[in-house]
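Structure first, commentary second.
Every read-out reported here was derived from the displayed coordinates using simple, explicitly stated rules and does not represent laboratory data. Only a predicted model underlies this, so the values are computations on that prediction, with no experimental measurement involved. Cβ atoms come from the backbone with ideal geometry, glycine included; neighbour counts cover every protein chain shown.
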Amino acid sequence: MNDTPLLSARNLTIGYKNGKREPRIVSEALNLDLWPGQLVCLLGPNGAGKSTLMRTLSGLQPALSGEIIIDNESLVNLKPVDLAQKLSLVLTERIEAGNLTVRELVALGRTPYTGWLGTLSEIDKEKIDWSMGATDTKRYAGRRMNELSDGERQKVMLARALAQDTKLILLDEPTAHLDLPNRVEMMRLLHNLARQTNKAILLSTHELDLALQAADKLWLMHPDGKLVSGVPEDLVLNGSFEAAFIKNGFHFDRNTGTFTIHKEASSTPIYLSGKTNLVFWTKRALQREDYIVSDDPVLPHKIEIIESEESPVWIFDNGLTTKKHLNISELIADLQHIKKVK
Amino acid sequence: MQISSQSYSNSRRLIIIGLSVLAVLFFLLDIMLGSVSIPFGEVVRIVFLGESDTTAWLFIIEKIRLPKAITAIIVGCGLSVSGLQMQTLFRNPLAGPSELGITAGAGLGVAAVMLTSGSTASIYAIRQLGVSGSWLIVVMASLGAALVLSMVLLIAGRIKDNVILLIVGVMVGTITVSVISIWQYFSQPEELQEYILWTFGSLGGIVQYHLYVLSGVVIVGLLIAFSSSKALNAMLLGENYARSMGLTVGKTRFIIMASTSLLTGSITAFCGPIGFVGIAIPHITRSLLGTSDHRILIPCCCLVGTVLMLICDIISQMPGTQTVLPINVVTSLLGAPVVIWVIVSRNNLRSSFS
């Protein structure tokens, strides 16, 4: 089962044909493989061509050249109904069918299998039940789409894709309108689904840290259209990750795996010491205020954080006097004057 | 959950039964009421048994009122299903045969028939042409409707914005109306009068083979619509999703367009441009039944359309008086407030399309 990829692209060129003019090539010479049981995240800055690639792979847009093979058959030879039994989609666009109940919408996923009037068989009903169970959407089966929150809607759309019973699921920015807990939930769900059902799941996303945690593989699209693929950790360590998102005033911290809004170092260095989690948050506040946090204890400006019984105390030493602060807000207000002095 | 879906389908069944009863009731009422009033019992006897002691009543009902009531049913079914299909196809609550200029396109087809058949021809003269003439009108009006619809779809394919689409539809409709106006400008006053009478709409005067032609075409259109209800359901999620679920979107669009053009074209050819039925009835039906499933919506649109058109026809006859109001005036007077009521009270537009 695991010896052939479910989807592979060979020497693929994607882009837009524009009448008689030269086609606008977004990306070329792409060689991609998607294996069963894998969750792959497609990452890249805005405008790199993530959506174009997703649209091309799902057959919504023709490839300029090259070949896409889905389950041992070429995409161009697949009839729409056959393709619909191999590949399902979750799109970014908000669907506008508020009058449909959740169950009715999930049932639409069975469209490729039902007869001319769309009557559901027992097998169809089983599949619908299973996919609603897997996505935890049974609770609101009878509710209407317009009564759901964005997070619930997105799960229903995933349930619809699952009901379509395909080996491949492509999701275009499924986490775009969701808040953080829902985003985490969605990624966890997709990760588990890939493992448990042996489906191949490809999603494009802007959630770098979530993708780093959940994806089995990353496809990184560079702004110039080059695509690098690999295990997330490898891509971080070999610098591909930074290269894809290179921009001024923007810094990828390999130690934490997060991007920081990094400004040009122009201000006073401060030595910071204390308990780890207190130092972490204080450091963030100081960095936002353009201070450089250093671990050199001989600096004239020092902050020491002492955790007393009830609450922590920040002690600021500017070389001449020391001052106690009970929270970060006070500390920052006090620090303003060393900015002005300088 | 199980209980709530049970009660949904139960109340749905009640609504459908209620609508069917109303449809039969208003059908009989429509035949009963008019400038000459005929007792209810006699109406039932004539309609179901085809016999009466008063030959005048028999004649009035068989030759005038029965065809008119049947025409009202055909118009109610055809226009509302055509409007429903367009609202789904364009994913726009404001789409409808008259709103997007489809009716105007059908009018252009009718005008073309009149132009080519000589300056003395009018819609009433065409009706005298017999079977071939009525087919000619249906074909031309459907082609006119299809022309406008495909123009709107062609532009709509490039532009995904609903508001722009609606503006395009209105503009194309305006162009069509202007073309008709040019023809009107160069016409004789009596033809002009005939044309203006046609624009008021009329359910009467469609008898014998004209009625067979009209009902045949509308039934074909309705069957096409019903058989594409699975595709229409998939289209609710938008074209991309529909395609990903195995739909050939181009083919589906063509089928829906064909059905819409047949329905709107044939009805407009015979009855004139009847407004508001196409846009209002799908909304009322959706609001009544609380569903977007076209397998239920299409038959129910027919029921609601039938009931409302019969009511409109009864009002237009002004029972007890000798006056008859144009049907188009009545549908607009009744339809526009209904649309406003639906939007305001049930928030229905928002729930179906956003």
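A compact table of results
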quantity	calculated
Sorted by Cβ density within 10 Å, fewest first, the residues B:LEU289, A:LEU57	B:LEU289, A:LEU57
Hz values of 3J(HN,Hα) by residue in region A:35-42 - Karplus curve (6.51, -1.76, 1.60), Gly and Pro given as x	9, x, x, 9, 9, 10, 9, 9
Within the protein assembly as shown: Cβ-based charge dipole about Cα centre, in debye rounded to nearest 20 (Lys, Arg +1; Asp, Glu -1)	500 debye
Amide H within-cut-off set for A:LEU171, under 5 Å, with H built and near neighbours excluded	A:VAL90, A:LEU202, A:LEU203, A:SER204
Greater than 32 Å apart at Cα, pairs in A:LYS20/A:LYS86; A:LYS127/B:LYS251; B:LYS63/B:LYS251	A:LYS20/A:LYS86; B:LYS63/B:LYS251
Pairwise label distance in nanometres, A:ILE306 with A:ILE25, each label 7 Å out on the Cα-Cβ vector	6.7 nm
Residues B:GLN208 and B:THR55, FRET efficiency given R0 of 22 Å [Cβ-Cβ distance, rounded to 0.05]	0.70
Over the protein assembly as shown, volume per residue of the alpha carbon convex hull, in Å³	235 Å³
Net charge of neighbours whose Cβ lies under 13 Å from the Cβ of A:THR166, counting Lys and Arg as +1 and Asp and Glu as -1	+3
Residue list for region A:109-129, given a label point 7 angstrom along the Cα-to-Cβ vector of A:VAL81 and an amide N cut-off under 15 Å	A:110-119
Potential extension, B:LEU25-B:GLU62 segment - 0.36 nm per residue separation minus Cα distance	11.5 nm
Cβ-defined net charge surrounding A:SER131, 13 Å radius [Lys, Arg +1; Asp, Glu -1]	+3
Of all DSSP beta bridges in the protein assembly as shown, antiparallel share, percent nearest 5	60 percent
Distance in nm between pseudo-label sites at A:LYS323 and A:SER121 (7 Å out along the Cβ direction from Cα)	7.8 nm
Per-pair calculated FRET efficiency, R0 = 56 Å: A:PHE280 and A:ASP129 via Cβ, rounded to 0.05	0.75
Percent of beta bridges antiparallel (DSSP, region A:7-247, rounded to nearest 5)	55 percent
Contour excess over end-to-end distance, with Cα ends at A:ASP295 and A:SER273 and 0.36 nm allotted per residue	7.1 nm
Candidates per GluC sites (Glu not before Pro) in region B:17-106, loop by DSSP, up to 11 other Cβ within 10 Å	B:GLU51
Packing-based exposure ordering (other Cβ within 10 Å, fewest first) of A:MET157, B:MET171	B:MET171, A:MET157
Residues B:SER227 and B:PHE200, FRET efficiency given R0 of 35 Å [Cβ-Cβ distance, rounded to 0.05]	0.55
Simple label model, 7 Å out from Cα along Cβ direction - A:ASP150 to B:LEU14, nm	3.9 nm
Partner aspartates and glutamates for A:LYS302 [C-alpha distance under 14 Å; skip if fewer than 8 residues away on the same chain]	A:ASP317, A:ASP334
